[in-house]
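Written out below as structure tokens is the structure these notes cover.
The values are calculated or read from the model by the stated rules, or taken from the named source; none is laboratory data. In this text the structure is predicted, and so the values were computed from the model without any measurement. Neighbour counts run over all protein chains shown; Cβ positions are idealised from the backbone, glycine included.
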Amino acid sequence: MRVTFLGTSAGVPTRARNVSAVALRLPQRGEVWLFDCGEATQHQIQRTDLRLGQITRVFITHLHGDHVFGLLGLLASIGLAGAAQPVELYGPAGLKDFVHSAARTTRTTLGEGLNINTVRAGLVYEDAEFTVSCLPLRHRLQSFGYRVQERDRTGRFDVERAAELGIPAGPLYGRLKRGEAVTLPDGRTVEGRTLCGPDIRGRSVVYCTDTTYCENSVELSRGADLLIHEATFVDEDAHLARQSTHSTAGDAARVAREAGARRLAVTHVSPRYAPGNPVEISALLRQARAVFPATTLAEDFMTIEVERKWD
Ligand SMILES: [Zn+2]
Ligand SMILES: [Zn+2]
């Protein structure tokens, strides 16, 4: 699992930062899942080694323009590419209307395979490898945080030991590998778990924006390998954060600390800290690290490899 930031600015783009979008690459299956799609996200994608054709799922946190204005362009390009590429879109109520009305007005043909899902708190998607769940956050417009959780797997199967025990190779191995108990032709029962190494813990990535500090962010982020949380303002501008229902650097770091996350990346930073303005953005990183040292300030095109934790 690899995360690439495509836009890290709040509200409006700056020279160095585009508006919100995060790509989660799943190299093992050649797919990209996109989180939010601010204006010009497809241009940002063109500046990376990602391809539009890899996008299979798009998760939208909320309907503020800086998170969705790029959606129509992106979907149109995917549609025009001709491939009947199935794309599942997830987001709050209103997303379907937004996409369909904009497509109708502009006579845009959306791909046949586009499916728009309205999310509610809880499980949003699952397959054999991953689950995606969401919880409502606290913002002036209904907003959802998402958690992508890789499922745990049983550890390495000890083939040599299985052979020593005289277990015939074949379908029994498959069941033992899954940790099942198996009765052999000679009547012995073997517990699959005894032939498997320790469980391989699934990785998790959580994306919380836009929001003030809230308990649901903490809940969603429990033990996350990577928490991506908005930090629109520096701590001195807490009053602005409260007014606009956003977080400060300290708020984001507090969520990471309380949730026991392994790593925090702060994003969605206000353009008021762009170069040339009196308050430097380094303050934001310093303030977050004072609360949660394993913090990174996201930049456009920054990639973070989500490592497996071995314990
Ligand atoms: Zn925003
Ligand atoms: Zn917003």
Within the range 77-97, the residues that are surrounded by 15 or more Cβ atoms within 10 Å (Cβ to Cβ), farther than 14 Å from Glu31 by Cα and in contact with a Gly (Cβ under 9 Å, 6 or more places away or on another chain) are Ile78, Gly79
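Condition first: part of a strand (DSSP E or B) and away from ligand 2 (no atom under 16 Å from the Cβ). Now tell me which residues in the range 50-70 satisfy that. Show your work before the answer.
Quick first cut of the range 50-70, residues part of a strand (DSSP E or B) only: 55-59.
Correct list: Ile55, Thr56, Arg57, Val58.
Specify the residue that is surrounded by the fewest Cβ atoms within 10 Å (Cβ to Cβ); the eligible residues are those in the range 197-214 that are among the polar types (S, T, N, Q) and within 16 Å of ligand 1 (Cβ to nearest atom).
Here is the first cut: in the range 197-214, the ones among the polar types (S, T, N, Q) are 204, 209, 211-212.
Then drop every residue that is not within 16 Å of ligand 1 (Cβ to nearest atom), which leaves 209, 211-212.
Values: Thr209: 32, Thr211: 27, Thr212: 19.
For the range 197-214, the residue satisfying everything is Thr212.
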Those residues of the range 50-66 which are surrounded by 17 or more Cβ atoms within 10 Å (Cβ to Cβ), among the charged types (D, E, K, R) and away from ligand 1 (no atom under 16 Å from the Cβ) amount to Arg57
Reported set for the range 24-49 where residues are more than 16 Å from ligand 1 (Cβ to nearest atom), at pLDDT 95 or above, outside any helix (DSSP H, G or I) and not hydrophobic (A, V, I, L, M, F, W, C) is Arg25, Glu31, Arg47, Thr48, Asp49
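What do you reckon, is Pro278 surrounded by fewer than 22 Cβ atoms within 10 Å (Cβ to Cβ) and free of Cβ contacts under 8 Å to residues at least 24 places away in the same chain?
Details: surrounded by fewer than 22 Cβ atoms within 10 Å (Cβ to Cβ): yes; free of Cβ contacts under 8 Å to residues at least 24 places away in the same chain: yes.
The answer is yes for Pro278.
Can you confirm whether the range 215-226 contains a residue that is within 16 Å of ligand 1 (Cβ to nearest atom) and surrounded by 18 or more Cβ atoms within 10 Å (Cβ to Cβ)? Working first, answer last.
Initially, the range 215-226 is screened for residues within 16 Å of ligand 1 (Cβ to nearest atom), giving 217.
From what's left, surrounded by 18 or more Cβ atoms within 10 Å (Cβ to Cβ): 217.
Yes: the range 215-226 contains one or more residues that are within 16 Å of ligand 1 (Cβ to nearest atom) and surrounded by 18 or more Cβ atoms within 10 Å (Cβ to Cβ).
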Flagged in the range 121-139 as part of a loop (DSSP other than H, G, I, E, B) and either within 16 Å of ligand 2 (Cβ to nearest atom) or exposed (fewer than 12 other Cβ atoms within 10 Å of the Cβ) (or both), in numbering order, are Asp127, Ala128, Leu137, Arg138, His139
Among strands (runs of 3 or more DSSP E) entirely within the range 152-261, at least 1 residues that are at pLDDT 95 or above occur in 204-208, 226-230
Only unsatisfied item for Tyr125, checking (1) over 16 Å from the mean Cα position of the chain (by Cα); (2) more than 16 Å from ligand 1 (Cβ to nearest atom); (3) at pLDDT 95 or above, is (1)
The condition of being within 16 Å of ligand 1 (Cβ to nearest atom) and touching a residue at least 40 places away in the same chain (Cβ under 8 Å) holds, among Leu71, Leu6, only for Leu6
